[in-house]
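Before any comments, here is the structure.
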Amino acid sequence: MEKKEQERKRKKRGMQFIPYDYEAAYNKAIADLNEWFVEQMFSHGKKTVYALKEITAGEQFEIEIYPQFRKMDDVPKEGQRVVKDNSRAQKNLNDKNARKYLERLINENFNNRDIWLTLTYDDDHLPPDGDIDAAIKNMQNYIKRVNYQRKKRGLQKARYVIVNAYNPDEEIRWHHHIVMDGELDMDVVEGCWNQSSRNEVRRLQKDENGLSGLANYIVEEKNRIKSEKRWMSSKGLRNPNIKVVHSKQQKKGKGRYKPIGKYVDGMVKNQDSIREVLAGWYPEFDFTDAGVYYNDFNFMFYIHARMRRKKDNGKETEGKKANPDDDSVRDGGGRSPARGSGQEK
(Lines give C-alpha, C1' and ligand atoms only; values in the text may rest on other atoms or scores of the structure.)
Protein backbone atom coordinates (compact mmCIF):
# COMPACT_ATOMS: atom_id res chain seq x y z
CA MET A 1 0.00 0.00 0.00
CA GLU A 2 2.83 2.38 0.87
CA LYS A 3 4.56 1.88 -2.51
CA LYS A 4 1.29 2.47 -4.37
CA GLU A 5 0.66 5.65 -2.40
CA GLN A 6 4.16 6.92 -3.19
CA GLU A 7 3.65 6.21 -6.90
CA ARG A 8 0.26 7.98 -6.81
CA LYS A 9 1.80 11.09 -5.24
CA ARG A 10 4.64 11.12 -7.77
CA LYS A 11 2.23 10.87 -10.68
CA LYS A 12 0.19 13.69 -9.18
CA ARG A 13 3.30 15.87 -9.12
CA GLY A 14 3.99 14.98 -12.73
CA MET A 15 7.17 12.96 -12.08
CA GLN A 16 7.89 10.76 -15.08
CA PHE A 17 10.66 8.65 -13.51
CA ILE A 18 11.03 7.55 -9.91
CA PRO A 19 14.15 8.50 -7.91
CA TYR A 20 15.77 5.35 -6.53
CA ASP A 21 19.09 4.17 -5.10
CA TYR A 22 20.72 3.14 -8.37
CA GLU A 23 24.16 2.74 -6.82
CA ALA A 24 22.80 0.08 -4.44
CA ALA A 25 20.74 -1.50 -7.22
CA TYR A 26 23.76 -1.99 -9.49
CA ASN A 27 26.65 -3.02 -7.27
CA LYS A 28 28.23 -5.94 -9.14
CA ALA A 29 31.36 -5.04 -11.07
CA ILE A 30 31.25 -5.96 -14.76
CA ALA A 31 35.02 -6.45 -14.62
CA ASP A 32 34.38 -9.72 -12.76
CA LEU A 33 32.58 -11.24 -15.79
CA ASN A 34 34.04 -12.68 -18.96
CA GLU A 35 32.98 -11.51 -22.42
CA TRP A 36 30.52 -14.38 -22.97
CA PHE A 37 28.47 -13.45 -19.90
CA VAL A 38 28.44 -9.79 -20.92
CA GLU A 39 27.08 -10.72 -24.35
CA GLN A 40 24.38 -12.83 -22.70
CA MET A 41 23.33 -9.86 -20.61
CA PHE A 42 22.82 -7.77 -23.73
CA SER A 43 20.60 -10.45 -25.25
CA HIS A 44 18.40 -10.59 -22.13
CA GLY A 45 18.26 -6.90 -21.28
CA LYS A 46 15.20 -4.80 -22.02
CA LYS A 47 15.17 -1.45 -23.72
CA THR A 48 15.07 1.40 -21.24
CA VAL A 49 15.85 5.07 -20.85
CA TYR A 50 19.29 5.89 -19.44
CA ALA A 51 19.97 9.13 -17.61
CA LEU A 52 23.32 10.91 -17.30
CA LYS A 53 23.89 12.80 -14.06
CA GLU A 54 26.67 15.42 -14.05
CA ILE A 55 27.92 16.45 -10.59
CA THR A 56 30.30 19.39 -10.28
CA ALA A 57 31.95 19.92 -6.88
CA GLY A 58 34.83 22.37 -7.01
CA GLU A 59 37.40 21.09 -9.50
CA GLN A 60 35.96 17.57 -9.27
CA PHE A 61 33.47 16.30 -11.83
CA GLU A 62 31.54 13.03 -11.59
CA ILE A 63 29.38 11.24 -14.13
CA GLU A 64 26.71 8.70 -13.22
CA ILE A 65 24.84 6.83 -15.95
CA TYR A 66 21.89 4.72 -14.79
CA PRO A 67 18.58 3.29 -16.09
CA GLN A 68 15.34 5.04 -15.19
CA PHE A 69 11.98 3.47 -14.38
CA ARG A 70 8.40 4.55 -13.91
CA LYS A 71 7.53 1.90 -11.31
CA MET A 72 9.47 0.87 -8.22
CA ASP A 73 8.65 -2.78 -8.93
CA ASP A 74 10.92 -2.56 -12.00
CA VAL A 75 13.90 -1.60 -9.81
CA PRO A 76 16.22 -4.33 -8.42
CA LYS A 77 15.25 -4.93 -4.81
CA GLU A 78 18.60 -3.66 -3.49
CA GLY A 79 17.76 -0.16 -4.74
CA GLN A 80 14.05 0.02 -3.92
CA ARG A 81 14.04 3.18 -1.84
CA VAL A 82 13.57 6.80 -2.78
CA VAL A 83 16.79 8.82 -2.70
CA LYS A 84 16.88 12.57 -3.18
CA ASP A 85 20.02 14.48 -4.17
CA ASN A 86 21.49 17.03 -1.77
CA SER A 87 19.39 15.93 1.18
CA ARG A 88 20.97 17.81 4.08
CA ALA A 89 18.70 15.82 6.41
CA GLN A 90 20.88 12.72 5.87
CA LYS A 91 23.40 13.45 8.59
CA ASN A 92 23.94 10.07 10.22
CA LEU A 93 26.63 9.02 7.71
CA ASN A 94 25.40 5.44 7.94
CA ASP A 95 24.08 5.94 4.43
CA LYS A 96 26.48 5.77 1.49
CA ASN A 97 24.55 8.51 -0.30
CA ALA A 98 24.95 10.82 2.71
CA ARG A 99 28.71 10.16 2.78
CA LYS A 100 28.88 10.79 -0.95
CA TYR A 101 27.06 14.09 -0.50
CA LEU A 102 29.42 15.13 2.30
CA GLU A 103 32.44 14.38 0.10
CA ARG A 104 31.03 16.58 -2.66
CA LEU A 105 30.12 19.33 -0.20
CA ILE A 106 33.73 19.50 1.00
CA ASN A 107 35.10 19.55 -2.55
CA GLU A 108 32.70 22.33 -3.51
CA ASN A 109 33.41 24.65 -0.58
CA PHE A 110 37.04 24.21 0.49
CA ASN A 111 40.52 24.36 -1.05
CA ASN A 112 44.22 24.66 -0.19
CA ARG A 113 43.69 27.97 1.59
CA ASP A 114 41.57 26.23 4.21
CA ILE A 115 42.34 23.98 7.19
CA TRP A 116 41.61 20.56 8.66
CA LEU A 117 41.51 20.01 12.43
CA THR A 118 41.39 16.87 14.53
CA LEU A 119 40.29 17.79 18.06
CA THR A 120 40.47 15.28 20.93
CA TYR A 121 39.75 15.06 24.67
CA ASP A 122 41.85 14.48 27.75
CA ASP A 123 40.53 12.31 30.59
CA ASP A 124 39.09 15.27 32.48
CA HIS A 125 36.87 16.37 29.60
CA LEU A 126 35.96 13.08 27.89
CA PRO A 127 32.22 12.86 27.11
CA PRO A 128 30.40 9.75 28.43
CA ASP A 129 30.62 6.74 26.13
CA GLY A 130 28.20 7.08 23.24
CA ASP A 131 26.79 10.43 24.42
CA ILE A 132 26.56 12.18 21.06
CA ASP A 133 24.57 15.08 22.51
CA ALA A 134 27.37 15.96 24.96
CA ALA A 135 29.96 15.83 22.14
CA ILE A 136 27.81 18.04 19.92
CA LYS A 137 27.37 20.57 22.73
CA ASN A 138 31.16 20.79 23.02
CA MET A 139 31.39 21.46 19.29
CA GLN A 140 28.72 24.14 19.42
CA ASN A 141 30.57 25.92 22.22
CA TYR A 142 33.83 25.62 20.31
CA ILE A 143 32.34 27.20 17.19
CA LYS A 144 30.97 30.05 19.32
CA ARG A 145 34.50 30.76 20.60
CA VAL A 146 35.92 30.62 17.06
CA ASN A 147 33.27 33.03 15.80
CA TYR A 148 33.92 35.37 18.74
CA GLN A 149 37.60 35.55 17.75
CA ARG A 150 36.66 36.10 14.12
CA LYS A 151 34.26 38.91 15.01
CA LYS A 152 37.03 40.65 16.99
CA ARG A 153 39.11 40.63 13.80
CA GLY A 154 36.32 41.79 11.51
CA LEU A 155 35.83 38.36 9.89
CA GLN A 156 32.56 36.70 8.92
CA LYS A 157 31.37 33.62 10.81
CA ALA A 158 33.29 30.43 10.05
CA ARG A 159 32.40 28.12 7.19
CA TYR A 160 32.86 24.53 8.29
CA VAL A 161 31.93 20.86 8.12
CA ILE A 162 32.24 18.80 11.32
CA VAL A 163 32.27 15.01 11.66
CA ASN A 164 31.75 13.74 15.21
CA ALA A 165 33.72 10.50 15.61
CA TYR A 166 33.48 7.83 18.30
CA ASN A 167 35.16 4.45 18.65
CA PRO A 168 34.99 2.70 22.05
CA ASP A 169 37.87 0.39 21.12
CA GLU A 170 40.41 3.16 20.50
CA GLU A 171 42.60 4.97 23.02
CA ILE A 172 41.06 8.25 21.88
CA ARG A 173 37.41 7.28 21.85
CA TRP A 174 35.87 10.68 21.11
CA HIS A 175 37.27 13.13 18.58
CA HIS A 176 36.09 15.63 15.99
CA HIS A 177 37.25 16.20 12.42
CA ILE A 178 36.65 19.73 11.17
CA VAL A 179 37.19 21.22 7.73
CA MET A 180 37.10 25.02 8.07
CA ASP A 181 37.88 28.08 6.01
CA GLY A 182 41.40 29.35 6.66
CA GLU A 183 40.79 33.07 7.27
CA LEU A 184 41.56 32.87 11.00
CA ASP A 185 45.13 32.11 12.14
CA MET A 186 45.63 28.40 12.85
CA ASP A 187 47.05 29.03 16.34
CA VAL A 188 43.93 30.98 17.29
CA VAL A 189 41.64 28.32 15.84
CA GLU A 190 43.38 25.61 17.85
CA GLY A 191 43.47 27.76 20.97
CA CYS A 192 39.68 27.95 21.01
CA TRP A 193 39.56 24.23 21.92
CA ASN A 194 40.06 23.74 25.67
CA GLN A 195 39.30 20.03 26.03
CA SER A 196 42.76 18.63 25.23
CA SER A 197 46.27 19.52 24.05
CA ARG A 198 46.60 16.50 21.72
CA ASN A 199 45.21 18.12 18.61
CA GLU A 200 46.30 18.67 15.04
CA VAL A 201 45.73 21.59 12.67
CA ARG A 202 46.97 21.57 9.09
CA ARG A 203 46.42 23.19 5.72
CA LEU A 204 44.32 21.25 3.27
CA GLN A 205 46.21 19.78 0.35
CA LYS A 206 44.36 18.66 -2.77
CA ASP A 207 45.46 15.76 -4.92
CA GLU A 208 44.15 14.48 -8.28
CA ASN A 209 40.84 13.71 -6.56
CA GLY A 210 40.60 17.08 -4.86
CA LEU A 211 39.70 16.62 -1.20
CA SER A 212 37.87 13.31 -1.70
CA GLY A 213 40.59 11.32 0.08
CA LEU A 214 40.31 13.51 3.16
CA ALA A 215 36.50 13.39 3.07
CA ASN A 216 36.45 9.61 2.84
CA TYR A 217 39.00 9.32 5.65
CA ILE A 218 36.99 11.35 8.13
CA VAL A 219 33.66 9.60 7.43
CA GLU A 220 34.86 5.97 7.29
CA GLU A 221 34.58 5.18 10.99
CA LYS A 222 34.82 1.57 12.17
CA ASN A 223 32.16 2.15 14.84
CA ARG A 224 29.25 4.36 13.84
CA ILE A 225 26.91 6.14 16.19
CA LYS A 226 23.31 5.45 15.25
CA SER A 227 22.29 9.09 15.27
CA GLU A 228 21.16 11.74 12.82
CA LYS A 229 23.79 14.09 14.26
CA ARG A 230 26.97 12.42 13.05
CA TRP A 231 27.95 15.50 11.06
CA MET A 232 27.23 19.21 11.14
CA SER A 233 27.84 22.12 8.80
CA SER A 234 27.63 25.88 8.81
CA LYS A 235 24.92 27.78 6.98
CA GLY A 236 25.62 29.23 3.58
CA LEU A 237 27.74 26.44 2.09
CA ARG A 238 27.26 25.93 -1.62
CA ASN A 239 25.63 22.71 -2.73
CA PRO A 240 27.37 20.69 -5.46
CA ASN A 241 25.87 21.46 -8.86
CA ILE A 242 23.84 18.56 -10.28
CA LYS A 243 22.39 18.30 -13.76
CA VAL A 244 20.56 15.35 -15.37
CA VAL A 245 20.40 14.93 -19.15
CA HIS A 246 19.18 12.17 -21.45
CA SER A 247 21.20 12.85 -24.60
CA LYS A 248 24.66 14.04 -25.63
CA GLN A 249 26.54 14.99 -28.78
CA GLN A 250 29.45 12.70 -29.60
CA LYS A 251 31.71 15.73 -29.29
CA LYS A 252 30.79 18.86 -27.39
CA GLY A 253 29.21 21.37 -29.76
CA LYS A 254 29.39 19.04 -32.77
CA GLY A 255 26.91 16.64 -34.37
CA ARG A 256 23.47 15.42 -33.46
CA TYR A 257 22.32 14.56 -29.98
CA LYS A 258 21.94 10.84 -29.26
CA PRO A 259 20.18 9.18 -26.31
CA ILE A 260 22.56 8.19 -23.53
CA GLY A 261 21.48 4.56 -23.93
CA LYS A 262 23.07 4.55 -27.40
CA TYR A 263 26.48 5.05 -25.80
CA VAL A 264 26.05 2.52 -22.99
CA ASP A 265 26.55 -0.67 -25.01
CA GLY A 266 29.92 0.46 -26.32
CA MET A 267 31.09 1.58 -22.88
CA VAL A 268 30.14 -1.74 -21.33
CA LYS A 269 31.67 -3.92 -24.05
CA ASN A 270 34.88 -1.89 -24.11
CA GLN A 271 35.52 -0.08 -20.85
CA ASP A 272 38.66 1.48 -22.31
CA SER A 273 36.36 3.50 -24.59
CA ILE A 274 34.84 5.35 -21.61
CA ARG A 275 37.84 7.68 -21.44
CA GLU A 276 37.48 8.52 -25.15
CA VAL A 277 33.72 9.09 -24.95
CA LEU A 278 34.03 11.36 -21.93
CA ALA A 279 36.86 13.33 -23.56
CA GLY A 280 34.45 14.15 -26.39
CA TRP A 281 31.67 15.15 -24.04
CA TYR A 282 33.79 17.10 -21.55
CA PRO A 283 36.99 18.44 -23.18
CA GLU A 284 37.55 20.84 -20.26
CA PHE A 285 38.14 17.91 -17.87
CA ASP A 286 40.80 15.22 -17.52
CA PHE A 287 39.72 11.61 -17.01
CA THR A 288 40.54 10.04 -13.63
CA ASP A 289 38.81 6.65 -13.40
CA ALA A 290 35.60 4.78 -14.18
CA GLY A 291 33.70 1.61 -13.28
CA VAL A 292 30.84 -0.34 -14.81
CA TYR A 293 28.32 -2.24 -12.64
CA TYR A 294 25.29 -4.42 -13.35
CA ASN A 295 22.38 -6.31 -11.85
CA ASP A 296 21.20 -9.69 -13.12
CA PHE A 297 17.62 -8.86 -12.07
CA ASN A 298 17.12 -6.86 -15.27
CA PHE A 299 20.56 -7.05 -16.97
CA MET A 300 21.08 -3.31 -16.99
CA PHE A 301 24.07 -1.17 -16.11
CA TYR A 302 25.34 1.67 -13.95
CA ILE A 303 28.48 3.59 -14.95
CA HIS A 304 30.36 5.88 -12.60
CA ALA A 305 33.32 8.00 -13.68
CA ARG A 306 35.47 10.75 -12.19
CA MET A 307 37.15 13.65 -13.94
CA ARG A 308 39.04 16.75 -12.86
CA ARG A 309 38.98 20.24 -14.31
CA LYS A 310 42.08 20.94 -16.39
CA LYS A 311 44.61 23.43 -15.08
CA ASP A 312 47.30 25.58 -16.64
CA ASN A 313 50.45 23.76 -15.54
CA GLY A 314 52.45 26.97 -15.98
CA LYS A 315 50.63 28.63 -13.10
CA GLU A 316 50.79 27.97 -9.40
CA THR A 317 47.68 26.67 -7.71
CA GLU A 318 45.52 29.17 -5.87
CA GLY A 319 46.24 27.48 -2.56
CA LYS A 320 50.01 27.62 -2.97
CA LYS A 321 49.91 31.32 -3.76
CA ALA A 322 47.93 32.03 -0.64
CA ASN A 323 49.78 29.65 1.66
CA PRO A 324 53.47 28.93 1.13
CA ASP A 325 53.36 26.73 4.28
CA ASP A 326 50.51 24.48 3.07
CA ASP A 327 52.35 21.38 4.28
CA SER A 328 52.48 22.55 7.90
CA VAL A 329 51.00 20.23 10.51
CA ARG A 330 50.87 21.24 14.13
CA ASP A 331 49.75 19.55 17.32
CA GLY A 332 48.94 21.05 20.70
CA GLY A 333 52.51 20.67 21.91
CA GLY A 334 53.87 22.95 19.18
CA ARG A 335 55.54 20.02 17.40
CA SER A 336 55.47 19.36 13.67
CA PRO A 337 54.94 15.59 13.33
CA ALA A 338 55.61 13.74 10.10
CA ARG A 339 52.72 13.61 7.65
CA GLY A 340 50.13 11.10 8.77
CA SER A 341 51.60 10.59 12.22
CA GLY A 342 49.31 10.83 15.21
CA GLN A 343 46.15 10.83 13.08
CA GLU A 344 43.22 9.31 14.88
CA LYS A 345 40.06 8.12 13.25
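Within the stretch 238-276, which residues are within 24 Å of the chain's Cα centre (by Cα), surrounded by 17 or more Cβ atoms within 10 Å (Cβ to Cβ) and among the hydrophobic types (A, V, I, L, M, F, W, C)?
Within the stretch 238-276, just ILE274 meets the criteria.
Would you mention how many residues in the stretch 150-171 are under 19 Å from TRP116 (Cα atoms), surrounded by 17 or more Cβ atoms within 10 Å (Cβ to Cβ), touching a residue at least 40 places away in the same chain (Cβ under 8 Å) and not hydroxyl-bearing (Ser, Thr, Tyr)?
7
Taking ASN199 as the residue in question, decide whether it is within 23 Å of the chain's Cα centre (by Cα) and touching a residue at least 40 places away in the same chain (Cβ under 8 Å).
no
Of all residues in the stretch 60-94, how many are under 14 Å from the mean Cα position of the chain (by Cα) and modelled with pLDDT of 95 or more?
Residues that pass the stated criteria total 5.
Quick one: how many residues across the stretch 1-49 are among the small types (Gly, Ala, Ser) and either outside any helix (DSSP H, G or I) or modelled with pLDDT under 60 (or both)?
So the answer is 3.
The values are calculated or read from the model by the stated rules, or taken from the named source; none is laboratory data. As the structure is a computational prediction, the values presented were derived from the model and not from experiment. Don't worry about glycine lacking a Cβ; one is built from the backbone with ideal geometry, like all the others, and counts go over all protein chains shown.
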